[in-house]
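K.L.:
Pasting a structure below so you can have a look.
Please treat every number below as a calculation from the coordinates, not as lab data. If you're wondering where the values come from, they're calculated on a predicted model, not measured in any experiment.
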Amino acid sequence: MSKTGVLTVMSGFSGAGKGTIVKGLLADHDYYLSISCTTRAPREGEENGREYFFVTREEFERMIRDNEMIEWAEYAGNYYGTPKKAVEDRLSEGKDVLLEIEVQGGMQVKKLFPNAVLLFVIPPSAEELLSRLRGRGTETEEQIRLRFEQTAREIHYIKDYDYVITNDELDKAIEKINAIIDSQRVKPVFQEDSIQALSQGITHLIDSSELGKKD
Ligand code: 5GP
C-alpha cells in the first residue's frame, strides 16, 4: 500500500489549457498518463492508442459490463472512460498516474480512490477562454457556444475538487501541480512503511532490556 503512486485527476474547462499543462508535466516528470477509451471519432492527427483508444459503443458497453473501467461518463453524446488495469498496475508499481477527465468521472474517482488528488484548471477570465477557443480554430462558433454552456454547468463541481489551478502563466501552473503531487507523498497514507518500521523499532526497544539501562 505505501509503495503506491499518487493518483491525480485533472479536470478543467475546455480551452483552459489542460492539454498544454499535461504536456509540460510529462516533459520533466515520469508520470503515467492514462489513455482513455472513447466512442467519439478520432480528430485529424489523433492516433488510436496514443490520444485515446477509439472503440465502438458496443465495445465500450461491454467494458462497462465487465467492470473494466475505473470511471466513465457520457459527454457531448459520446462515452469516455478510464481503463482500470493499466492505472492500477502503474499505481501498484509506485508510479504516479495522471487522469485527464471531465467532472463526472472526477467525482467517481474521488469516491473510489479517497487518496486521489483532484485538480481543476481554470483560465484567468471568460474573455481569455473565448479567445483561446477561437484561436484554437477547431470548433465552430456554435460549438464554442455549447462548450461555454458546458463550462457553466461544470463550475458547480469545482468545490468538490482539492485544488484550483489558474492557467495564466503556464510554467507557474506546471510548477504548482508538480509541488501538489509531490506534497501528497508526505501524507501518512504514503508513509506507511516508514511509520511501521519506526513503530516496530520503538516496540522492540520497549521490549528489550535496552531502555532504562544507560545511567
Ligand atoms: P475531447 O473529446 O475534447 O478529447 O474530450 C472531451 C472531454 O472528455 C474532456 O473534458 C476530457 O477531459 C474528457 N475525458 C477524456 N477522457 C475521459 C475519461 O476517460 N473519462 C472521463 N470521465 N472524461 C474523459
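K.L.:
Which whole-angstrom value gives the distance between the alpha carbon centres of segment 100-125 and segment 7-85?
P.N.:
Between the Cα centres of segment 100-125 and segment 7-85 lies a distance of 13 Å.
K.L.:
Please work out how much length the chain gains when fully extended from residue 142 to residue 58, using 0.36 nm per residue of separation minus the C-alpha to C-alpha distance, in nm with one decimal.
P.N.:
So the chain would gain 27.3 nm between residue 142 and residue 58.
K.L.:
Please enumerate, by chain and number, the aspartates and glutamates with C-alpha under 13 Å from the C-alpha of residue 85, excluding those fewer than 8 residues away in the same chain.
P.N.:
66, 68, 71, 93
K.L.:
Would you kindly state how much longer the chain becomes between residue 125 and residue 28 on full extension, computed as 0.36 nm times their sequence separation minus their alpha carbon distance, in nm to one decimal?
P.N.:
Gain on stretching residue 125 to residue 28: 32.1 nm.
K.L.:
Over the Cα atoms of segment 49-145, what is the Rg over Rh ratio if Rh follows Kirkwood?
P.N.:
Result for segment 49-145 is an Rg/Rh of 1.02.
K.L.:
Hey, what does the equivalent ellipsoid look like for segment 119-215, semi-axes from the Cα gyration tensor as sqrt of 5 times each eigenvalue, largest first, whole Å?
P.N.:
53, 14, 9
K.L.:
Among the lysines, which have Cα under 16 Å from the Cα of residue 176 when same-chain residues fewer than 8 positions away are ignored?
P.N.:
18, 23
K.L.:
Here's another thing I want to ask about it. Going out from 0 in 10 Å bins, what whole percent of all Cα-Cα distances in segment 1-72 drops into each bin?
P.N.:
Spelled out bin by bin, segment 1-72 gives 15, 39, 36, 9, 0 percent.
K.L.:
For residue 187, which aspartates and glutamates qualify as cross-link partners when the Cα separation must be under 15 Å and same-chain residues fewer than eight apart are set aside?
P.N.:
96, 162
K.L.:
Still on this structure, please answer the following. What are the radius of gyration and Dmax of the chain, computed over its Cα atoms and given in Å?
P.N.:
21.1, 83
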